[in-house]
Structure formats: structure tokens, C-alpha cells
1. Among 217, 553, 206, whose Cα sits farthest toward the positive end of the charge dipole of the chain (+1 at Cβ of Lys/Arg, -1 at Cβ of Asp/Glu, about the Cα centre)?
2. By per-residue mean of other Cβ atoms within 10 Å, what is the highest-first order of 227-235, 332-340?
3. Please give the contour-minus-distance gain from residue 139 to residue 267: 0.36 nm per residue of separation, less the Cα-Cα distance, rounded to one decimal in nm.
4. With every protein chain present, what accessible area does residue 31 have (1.4 Å probe, heavy atoms only), rounded to the nearest 10 Å²?
5. Between residue 289 and residue 671, what FRET efficiency follows from the Cβ-Cβ distance if R0 is 25 Å, with the result rounded to 0.05?
6. Listed highest first by mean packing, meaning other Cβ atoms within 10 Å per residue, what order do 370-381, 348-359 come in?
7. Given charges of +1 on the Cβ of Lys and Arg and -1 on the Cβ of Asp and Glu, with all other atoms neutral, how large is the dipole of region 438-517 about its Cα centre, in debye to the nearest 20?
8. Can you give the accessible area of residue 398, probe radius 1.4 Å, in Å² rounded to 10?
Amino acid sequence: MSETPIGAEIIAADNPLLSPWTGPFAAPPFDRLRPEHFPPAFEAALAEKRAEIAAIAANPEPASFANTIEALERGGVSLDRVAAVFFNLAGADTNDALQAIERDIAPVLARLSSEIYLDEALFRRVDALNQAGESLGLTAEQARVLKLYHIAFLRNGAGLAPDAKKRLAEIDERLAMLGTEFGQNVLADEKAYLLALETPDDRAGLPDTLLAAAAETAAERGLPGQHGITLARSSIEPFLQFSSRRDLREKAFRAWAARGESGGATDNRAIAAETVRLRSERARLLGFKSYAHFRLDNTMAKTPRAALDLLHSVWGPARAQALREGEALQAIIAEEGGNFPVAPWDWRYYAEKRRKALFDLDEGEIKPYLRLDKMIEAAFYVAQRLFSLSFTERTDIKLYHPDARCWTATDGDGAPIALFIGDYFARPSKRSGAWMSALRDQHKLDGAALPIVVNVMNFAKAGEGEAALLSFDDARTLFHEFGHGLHGMLSDVTYPMISGTSVPRDFVEFPSQLYEHWLEQPEILRRFAVHHRTGEPMPEALLQRLLRARQFNQGFATVEYAASALVDLALHLEATPDNLDVVAFEKSQLDKLDMPSAIQMRHRTPHFQHIFAGSGYSAGYYSYLWSEILDADGFEAFEEIDDIFNPELARRLRDYVYAAGGRREPEAAYAGFRGRAAKPEALLRKRGLGEAKG
Ligand SMILES: [Zn+2]
């Protein structure tokens, strides 16, 4: 047998993407996948889906729920499979070949989506069913799915005049290309950067755990025996926190802040400007005032006004608190004989000193107790106590990278319900940030399809033979993504359309943020925060200091987040954003807000992947705060009865939230769990930004 040259035609039988997946858990055969398998697999899967859609649209029978909606739900199995595997790899472990395919396939997929939504015969069927309404005798879930289909068609241009349809399709195709380029550019800028700490002086102030991670990073980047800092949050944030070299902090911070704004081939400013302009045009074609109005129309917030009101209600108290925090940092600088105003690259460093002074707590002291393996175990344990799930690691499934691991999730009755893949470490082939995705969504359309859920993080890897250690923020991220993961794994619905995390953006952060609360419970920390060498539990006094410091620096955290959310909304509220200079626009918005000069937005526009690398959180970055009303108020339900694992509450949480997917409107889902609507005051209490706090 000769080797298959790249680009040669691969027939279906030889393509592991197109043959049935018969291995354990019917998981994708990652070990046999090569980049060159994807183009022919996409081509075959696209043709299959086109044929299915054409058959549904041309069906001579009158439209019925079964021959139209269920047929649509059943369609595209191959494409869903190929695309899920592909985009997981493109985010978590990409390379030049996958990036080239990604650039090619993004507009092709957009075109197919347009073809479907703009197909008149197909829309007539969906519309007829929608009008027939109650006379169809649908179950509640079916009625919900039908309604969501109808809305999706309208939001994608069904019912528009032919010219407008044509323009909409062009815009969608172009947006898909821009989103892909945006993400690839940020990755390129991150990959290109390494701050080498060559002398002991360059490493001044850095704790052992950070040095070990920096040594591992340098080795991975081809500089064995050296120390390196990258622009991954898990690398640069601790560096900014501990490095006493102000010049190096500034250098690294500036590189971090300038991602996507290099002026070269990876500059994202023009891409962001064109994206904003096209989104606005698209929204106006659909009859909305702005893209933000369009995006929020089918969310909990419903209008930009409601999202803005929430952000502004927090902005004032948060800014005031941040200014007080800044003054305290300035005082430390003065005490040390410094004569400079606190700058963005100083904040984390002096905040760390202040935290030490106020709470006798430093990150270097906490980290040895937050071992990655134990935090994974803690997340599993909480799922066991709340939902009777258990997790068993398995090694019989070959994954896409040696660092990725997987577990079978088993329900209380012993039945497997999901496969969970955890991919925890940063590497140059991985997009920054942390996310959950699914390689297969749960549904019960034709027997049970069990979900395959992935959590991807960017934690710093430890040196050879050492245990990976987390910061408390890292551990929180792990719980957060695991909360999304549970939303996918516990999903118990019939139709793929409403499976798992298929809920409005400003509700989807509720199950994830709620889950973070359990990490902060003394009961959990006492059990799982054990020293990585000695196995001793975290000393009680340290644990109490850690929890007391929970609201420390919340002014800063809220300001850096809310500034990003407000700029996101402002960009997408522009009625006619032609020739926008996105950086000048960002500055003018921050000036209007009177942004504290020592704080930088959490994500500046040229690398704001949440809103530009795809449309995911566009005009939706506010969602975290919106959902936080729900998680703050929701966790209080457990606190009020002084039982963080209360079985009755946990059962309602599972039924109405984690298992329910998009079966109900979010308000109804929340009320089903809580017994009432959420009370917004809980949010300020949680952040410590409430009543008369000094
Ligand atoms: Zn999230």
C-alpha cells in the first residue's frame, strides 16, 4: 500500500469521517483523522444535507410536523458530525492545514444555511404549520420546537423580498469569512509572542509554581532550560501579579493589549469595522433599528435598553469602588518610594500586595493546594451530590491530543449518560480562553443519542513529573465550564433543536456560573484543596482568609468586564457604522464612561473574540452579568435552607434547568426551579458592591 498524498481524493470507505463510528461510545476516531479527510467529508456531507432539504421542500404531501420539522431535525447527521469534530479541532489543536480548511469551509457553511432559510417552499411549510398552531395537537415540546424554527427562518431572512434575500446571503457569507480570519489573527499574534526571562533579575518576584510553568512553556516553545511568558491568560496574569520588574510588566502587558492591532497581516481593526457595518446592514434588512436590537430580540433581556440599564446600574458603584481600590494601590506605591501613577500593568502587582496586607493571603500560598486533578475530582463530586452522577476515566478512546482525557458519566441508576472530554492545558495550537462544546448533542429522536461534551481550558502545564496547579480563578473557570458541560450532559429532550445549551445567550451562563458557587464552599475546599506534595488539607485559617478575600478587587473586576460589555453594545447599537475606526470608537466610549485610567477593558476590540470570532456573544457580552442575577439569586435558595446539596432543590434544578435545554422560556425555567422570579439585588450582594460598603 502506498501512502496517500495530501490532496489526493479519498474515497468514502477510507475516510474515517464518513464511515460509521463503531468504537467505544461511538466516539470520533480521532487517532485516524488527518486534515485531508475533512474537505471530501464536508463535500459529501453537504451534498447529503442538500438532498435531504430538497426532498423535504418538494414533498407533495401537505406539511405536517413529522414530514417537515422532524424531517429537518433528522437531517444533516453527517454534516453535524463532521463539523463538530472539525471545529473542535480548529479551536483546540489547530495547524496550518486545518486553518486553511477553516477559511474555505466557513463561507460554504454560511451559504448552505442561507439556502435552507431562504428556500421559499420550505418556509411555506414551516409557516403553514406555525399558522395551524394548536390544531396540530402537538406536545408542549413539539410546539416549542416549531415556534423556534419559525423564528429562526424569520431571523434569517425568510419572507424578505428577493433582492434583500440575495444581499442577506452575501452578507452572511462574508461575515463567516471575517469571523474566521479574526480568530486566526488573534491566535497568530499570541503564537508569535514569548517573553523570555533570561536572567535571574528578569525573574524577580516570581513564585516557584510560576517559574516551573514558565520553564515548561519555554521548553515547549523550543527554548529548553529557559523561562518564558506567553499571552495566555494563565501565563501572563500571574506574571503581572508577581513580577517586580515594572519594565517587563509593561512590555508584556502592552503586547497582550495590542493583540489584533499589530499593523501587519494579522491586524483585526478593518475586519472588526467591516463586521460591525455588515451586521448593522443585515439587521436593518430584517427591520430592526440596529444589530443590538436584532440580537437581543430573542433573549431574556429582549432590548438593548434592558441590558444597558443593568450594566449602568452596576457601573456606578463598581467604578467608585475601583477608584477607591486604585487609591489604596497608589498608597502602597508611595510607601515603597515609587513616584508614578498606577498603570494597567501595575494593578495586578500592587493588588496582590494589598491582598496580602489585608487578608494575609498570597496567590503563591494558595496554588500548592489547588491541584488540577483534585479540582476535577471536586467538580465531579459536586455533580455526584447534586445529581447522583459518577465519572469514570477511560483510556480506551484515543483522543486528538495526548493531554486530553475522557470520562464516562453515569447516572444514579447506573446507566451511562454522556462522554466527557477534558482538555486542560494551554498550547500554541489552541485558541485562548475556556469553552465547552459538544461533539454530539443529546436527543431522543430515534432512540437515545448520548452526548459527547468537551471542556477546553488554557491552564499552565507543570514541569515534567510535577502536578499541575491552579489559581483560584483557574479553579473557578474549571467549575464554570463544567457547569456548561453538565448542561450538555444532563440534557433530556427529544429534539436536537433545543438540546443542552441551546438556550438564549443571557440564560446559558446561569448553569455555568451557578456551579462556581460550590467551589467556594468550605465543605468542598476542606475536602479537595489538599497540598500537592503532602496531601495535607489547606489549613483552616488559610481557607477562611481565602473565602474572606472573595470580594477583594471586585471594583476592578467589574469595571474591566462591564467596560467590554458596554463597548460591545455601543458598537452594535450604531445605526449606520460606515468607515468606523473601531479603536477611536472604543476610546470615545470609554471616555464617556469616565473609565479609570489604571484599568484596561478585559477584551479590547481588536482581539475581542467573544464578539468577532463568530457571532457568539456579539451584542451579548452583557450576558454574564444578566445570568449573574440568576446565579446569585439561585444559589441563595440553597443558602436560605442552609443545605448546599438539598435534594429537593437539586431535583428542581436538574428538571427545570440542567436537563431542560430550551424546552421552556428562560423565565419559566428559572421560576420552575426557584418558585419565583429572580431578584436583582442578589447580584450586588454577591459582588460586594451593594449598600454602604466602605
Ligand atoms: Zn460560560
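The values are calculated or read from the model by the stated rules, or taken from the named source; none is laboratory data. In this text, all values refer to a predicted model and were calculated from it rather than measured experimentally. Virtual Cβ from ideal backbone geometry, glycine too; neighbours counted across all protein chains shown. All accessible areas refer to the heavy atoms of the entire protein, side chains included, with ligands and DNA or RNA removed. Shrake-Rupley method; radii C 1.70, N 1.55, O 1.52, S 1.80 Å.
1. Of the candidates, 553 comes out farthest on the positive side.
2. On the way: 227-235: 24.0, 332-340: 11.0.
The peptides rank, most packed first, as 227-235, 332-340.
3. Working: separation 128, 0.36 × 128 = 46.08 nm, distance 5.05 nm.
Stretched out fully, the residue 139 to residue 267 stretch lengthens by 41.0 nm.
4. Answer for residue 31: close to 80 Å² accessible.
5. On the way: r = 30 Å, r/R0 = 1.21.
Step by step, r from the Cβ atoms, then E = 0.25.
6. On the way: 370-381: 21.7, 348-359: 17.9.
Going from most to least packed, we get 370-381, 348-359.
7. Details: 5 positive and 11 negative charges, 46 e Å.
Roughly 220 debye for region 438-517.
8. 120
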